1. Over what distance in Å are the Cα centres of region 234-248 and region 1-30 separated?
2. To make sure I understand the rule: partners must be aspartates and glutamates, Cα under 12 Å from the Cα of residue 149, and not fewer than 8 residues away in the same chain. Which ones qualify?
3. In percent, how large is the relative contact order of region 1-109, given Cα pairs closer than 8 Å and 6 or more residues apart?
4. Enumerate the lysines that residue 147 could reach by cross-link, defined here as Cα to Cα under 23 Å, with residues fewer than 8 away along the same chain left out.
5. List the residues of region 16-57 whose backbone N lies under 11 Å from a point placed 7 Å from the Cα of residue 69 along the Cα-to-Cβ direction.
6. Pop a pseudo-label 7 angstrom from the Cα along the beta-carbon direction at both residue 20 and residue 167 and give the gap in nm to one decimal.
7. Quick one: what are the phi-derived ³J(HN,Hα) couplings along region 143-151, Karplus 6.51/-1.76/1.60 with θ = phi - 60°, whole Hz, x for glycine and proline?
8. Any idea which of 1, 203, 44 is furthest toward the positive side of the dipole for the chain, if Lys and Arg beta-carbons carry +1 and Asp and Glu beta-carbons -1?
Amino acid sequence: MTTILQISDTHIAPKGVLVSNSLDTSASLEKLVVRLNEKRSQFGVIDCVLVSGDISEDGSVESYNRFKKILAPLDLPVFVIPGNHDLRDPMRNAFMKDGIFPKMGNLNWHKKVGKVHLLGLDSLIEGKGSGVLTPDTLQYLNDTLNKIKSEPVLLALHHPPFKSGIKFMDEIGLKNIDMFVRIISKFTGEMRIVCGHIHTMMMVGINKHMVVSAPSSCSSFAYDTRSNAPVGFMDVEGGCLLHRWNDGFKTVRIGPTCGSGPFPF
Ligand SMILES: [Fe+2]
């Protein structure tokens, strides 16, 4: 059995800075870490944490250092991919010693954890909200999947490889979904594809593979499909996801609060 905890879109800012003048994103992540540690025995063994982009709000060195400090009490290996708010080189420097990032170029990586091949893809276009998988990244994906053959894969990219129906987010979505789909459709093994960006949990099938978008630890985008839907976030924390592989993938959402109980019924 292999278990990967996915945290997404933490948007950590430097000390004293509120995101969008209202969100204390560090406090949201701290609260989630406390909750995870309090209930850890309920969840079973967790092998590592995967963070699916927008780790930082502003790409600053301080924000990455703060992020690492907040996650430290989990005492787990942490693997990250960039989102549209991140900056490639500050992020590379902050996480270089984990040994998964290349010294130059896109932050694509592959690491086997337990029985699962974790594969992280870089869809960042610095300074833009939308994402793209460059020819190099698509080649990396193709070559790595060929090497893995048919062992289980958890594939992460920040921008969802599907249209969410939330218009203002789809406008800053992944530009070359079709090329991604063409490559992953050839893979014959078990694969769960995970992403972030839309700050909401959605499940979408692409051929025989399931794609799951993670909620954000700090805010949510409403599922409002009207063409005139207001643009903006809701101040609702979304928690995180647990992906467990045991002869197949199972994904569970862990909410940011646990309420009281259990009560007899
Ligand atoms: Fe985000």
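Please treat every number below as a calculation from the coordinates, not as lab data. Note that the coordinates shown come from a computational prediction; the quantities given were computed from them, not determined experimentally. Counting neighbours? That spans all protein chains shown, and the Cβs are built from the backbone with ideal geometry, glycine included.
1. Region 234-248 and region 1-30 have Cα centres separated by 15 Å.
2. 190
3. Value for region 1-109: 30 percent.
4. Cα-Cα hits under 23 Å: 103, 111, 112, 115, 186, 208.
5. Flagged as within label range: 16.
6. The modelled label-to-label distance comes out at 1.8 nm.
7. 5, 5, 5, 5, 5, 5, 6, 10, 6
8. Of the listed residues, the answer is 1.
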